[in-house]
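Here is the structure we will look at, set down as structure tokens.
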Ligand code: AFP
């Protein structure tokens, strides 16, 4: 049985053990957790409170219609992090430019990047969605953070993780000292430790990819997916296909059960800063891998706030095997 521990207690314990984790970081996480509780409450009420369902009139930087809950989640997170005073700058999948901290907020030493509501096209159909976050240290001089603070490679992340709003709401996060899961107890209103030191199976039996894009995939991906479908009992094939279309939900299932998630090139969709890098840190800390096919995701030097990358992430042996297929196609 897991010890009875709230996420705040866990963060404080980590702070004692881990020299990279400070009291300021605990404050930041406490604010993020508070924001997630508010978002979780409204996601759970979405079917009842029609005002939070549906679309707004605005379009985000990718030309997608912004859902009302996306707007709401973005505002809640920005306010919570502004108020905590530990963040110098923010960036979000839903905002074209960096988000400066509000005037009057004190200027913290951390940088917060987030996808406020990943999988938002699933909001109206009661499917699990989530918030993904990535925390860096400020590297620029001066009081306020800059774009350079946001454009740091994933291996420099101080912490990363996600909240999933599903049959229950969970937080899964890492500060580089393993991956830990917390389940929101609705009666206590607290995220309670439920999965300590999550390890993802070295190899899975699940693959997750949008097969409708088959004609757009590179040759290596096409051959790899055909390989997974071949019957070979000894090697555990064929694999099962599971694809929700909500990255947090697909990633979370594969993290716990083992498997591989793929959103390959040559026209990638997922964003490095808000999806790829944070989930790559979680995957690696749980014993898995994340690659573009040719490059470790955590090593990529970001060029822009909304850079997209091919993302292949999951169980160690499965991702290695995928890379073999991709490399075989490189002349
Ligand atoms: P939305 O946030 O617009 O629903 O997009 C979700 C997402 O970014 C990610 O969560 C999914 O894994 C991926 O897109 C699904 O994309 P496809 O619909 O192209 O398969």
Can you work out which of the residues in region 235-258 that are surrounded by 24 or more Cβ atoms within 10 Å (Cβ to Cβ) and over 19 Å from residue 120 (Cα atoms) is nearest to the ligand (Cβ to nearest atom)? 254
Within region 156-182, tally of residues that are modelled with pLDDT of 95 or more and surrounded by fewer than 19 Cβ atoms within 10 Å (Cβ to Cβ): 2
List the number of the failed condition for residue 26; all other conditions in (1) over 18 Å from residue 8 (Cα atoms); (2) more than 14 Å from the ligand (Cβ to nearest atom); (3) assigned to a helix (DSSP H, G or I); (4) at pLDDT below 95 hold. (1)
Which numbered condition residue 205 fails, given (1) within 16 Å of the ligand (Cβ to nearest atom); (2) at pLDDT 95 or above; (3) crowded, with 16+ Cβ neighbours inside 10 Å: (1)
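The values are calculated or read from the model by the stated rules, or taken from the named source; none is laboratory data. Everything numeric in this text was worked out from a predicted model, so none of it was measured. Here Cβ is always computed from backbone atoms with ideal geometry, including for glycine, and neighbour counts include all displayed protein chains.
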